[in-house]
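Below is one structure; the comments refer to it alone.
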Amino acid sequence: MPKDLVVKSAAVKTEQGYTLEALIPWSNLGVNPKLDDTFSFQLMINDVDGPFEKEHLVWYPDTSSYINRHAMHTLRLAQEPDTTVRLMVEPRFDEELNQLVLDLGGEPRLIGETVSIQSGSQKLATVTLDNVLGFASAVVPLPFQDDQDAQGTVPRIDAITVHLDDRVIARNLLPDQTWRTTPRPVTVQLTTPTQTNSLAFASEPIAFGQTGWYVHRVSLTDLSPDTEYQLAVPNGKEHLLQAKFKTAPATLDQPLVFAEGGDVGTSDNVALLHNQAAAWNPLFGLVGGDCAYANGVSNGLWLDFLKQWHDHMVTQEGRMIPMLATIGNHEVDGSYGKTKENAPFFYALFGPLYPNKGTYQTLDFGDYLSLFMLDSGHTAKHSGQQTKWLSKALTDRPDVLHRFAAYHVPAYPSHRPYDTHLSTNARTHWVPLFEKHQVDAVFEHHDHTYKRTHLLRGDQPHPQGILFLGDGAWGVEPRSVETPLLPYLAVAKSSRNVIRVELSPTGTQSYLAVDEFGKELDHYPETATRDTSPPQKAPHHADEPVLTP
């Protein structure tokens, strides 16, 4: 962008308000416009008439436009104005009908017109548009058909077109095969390079919220450790999906690497950071909440998020890198203090990680790695049941070589205030347990920066303390870091980042943080000489009684 934008504007006062006009030369964008060029755009107006007289007007299709250019409007340059009849067709799950429907809405001149709905050459329905609040409108239930044809093939409805006479006046894509009232399982085939016969597993279809989409969940059991497998989803003679993955080793005989971060989103920077992480050949990627920024309501952002992971979190040998995730506020419709029903997409995708307790669970890798994955107040409270569970989970694993906790809202923030109630809850209920059981490190997120604390005990630097890393910017726009740094921070930077975690067979760890271009932000070696003996005066823990004389 040029340093000095050129904008010519004018305003005329009317009885209702103002008419505003602006002339914005293309030179501001550094482009030479041509016919049929397409641009994404949004309009935002800030009106301030006094300290308490502020109005903010916006015009764009989706509130996620700041991280997703597809959530903006589209502008196409043409020689003449567009004379297309304007009508929209959108799929929606209707709770009363308990099925997917199409919402049709158009300009007033379409009221009373009869339109036909097609998928390819299939004519699916004919409907007359009614007058609803002055606009042409209709609701058309799906499924249109759910039977096999004479060849035993199930008809597919992938794209919808709406026709007025001989013109197509609207079009949209539909979730694959979601016109069905009852989803059908698919079969997954699994092979290894040494196998001659494949293993078959049937999927369990899980509703992806109320969108009409389904997640097909498959539990792969009795797999061998440290083994590469080929997974395929057949579709007749072809395969809808083929992917390689590798199981974890049973014992830690050589260094193991995984990638860690949080607050991802779907911007172009995400793919750059994924590429950095994939180059490390990690066993898995751990995302500490705020994955797709879908807020429990937008399935489209989840699809973009998953596609970016599928396309870029792949090793040089073509092996898919598995994803583990904890829950964050942008997974939940309402952010905090809600229930599992308010996070339908997260639970559809990651439900098996949390089968019993809700949104907190321990994931164990043999006797060498335990991940304590927590819910920082989104669908479970810090205190009470979750703290009791955490205390027992840590107590039950005293001899595990590497132990990490991961959650979303930080106990030790690098951007937000120190005394917010969620950060205070983490320090009150969880940090004493981390100190008592000497976990190796804690991964925190939410602040959109990179941070590493000193080794902390009782909120102060201490050689027997706990390391807190992260603060989450695996793709989102970084936030500022105040200077001088808060006393508990060793490093804090306003930068996107992903963290490389390496575990050694001797019990030490090392951490490397890089930005989207591979520039090193921080490198922390964890040495075997760390003092892990009990402190002389251990602080009181929330789950222990206080003894007084």
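The values are calculated or read from the model by the stated rules, or taken from the named source; none is laboratory data. If you're wondering where the values come from, they're calculated on a predicted model, not measured in any experiment. Every residue, glycine among them, receives a Cβ derived from its backbone with ideal geometry; neighbour counts consider all protein chains shown. Surface areas here come from the heavy atoms of the whole protein model, side chains and all, with no ligands, DNA or RNA. Shrake-Rupley method; radii C 1.70, N 1.55, O 1.52, S 1.80 Å.
Within segment 193-208, if we keep just the residues that are of a type outside the set (A, V, I, L, M) and either at pLDDT below 85 or in contact with a Ser or Thr (Cβ under 6 Å, 6 or more places away or on another chain) (or both), the residue that is nearest to Phe350 (Cα to Cα) turns out to be Ser198. Count of segment 60-98 residues, restricted to those that are under 16 Å from Arg171 (Cα atoms), more than 29 Å from the chain's Cα centre (by Cα) and not in a loop (DSSP other than H, G, I, E, B), is 1.
For Ser116, the conditions (1) open to solvent by 90 Å² or more (accessible area, probe 1.4 Å); (2) of a type outside the set (Val, Ile, Thr); (3) under 17 Å from Pro91 (Cα atoms); (4) at pLDDT 90 or above all hold with the exception of (1). Taking the condition among the acidic types (Asp, Glu), open to solvent by 20 Å² or more (accessible area, probe 1.4 Å) and assigned to a loop (DSSP other than H, G, I, E, B), does Asp290 pass? When the stated conditions are applied, Asp290 does not pass them. Scanning segment 453-463 for residues being touching a strand residue (DSSP E or B) at 6+ places or on another chain (Cβ under 9 Å) and open to solvent by 20 Å² or more (accessible area, probe 1.4 Å) gives a total of 6.
Could you tell me whether His429 is open to solvent by 60 Å² or more (accessible area, probe 1.4 Å) and at negative phi? So His429 fails the test. Given the criterion closer than 17 Å to Gly262 by Cβ, open to solvent by less than 50 Å² (accessible area, probe 1.4 Å) and assigned to a strand (DSSP E or B), identify the matching residue among Leu324, Leu301. Leu324 is the lone residue from the list that is closer than 17 Å to Gly262 by Cβ, open to solvent by less than 50 Å² (accessible area, probe 1.4 Å) and assigned to a strand (DSSP E or B).
Could you go through segment 228-243 and let me know if any residue there is surrounded by fewer than 15 Cβ atoms within 10 Å (Cβ to Cβ), in contact with a strand residue (DSSP E or B) (Cβ under 7 Å, 6 or more places away or on another chain) and assigned to a loop (DSSP other than H, G, I, E, B). No, that holds for no residue. Of all residues in segment 244-274, those being in a helix (DSSP H, G or I), of a type outside the set (S, T, N, Q) and open to solvent by 30 Å² or more (accessible area, probe 1.4 Å) number 2. Among residues of segment 354-367 being surrounded by 20 or more Cβ atoms within 10 Å (Cβ to Cβ) and not in a strand (DSSP E or B), the one that is modelled with the lowest pLDDT is Thr359.
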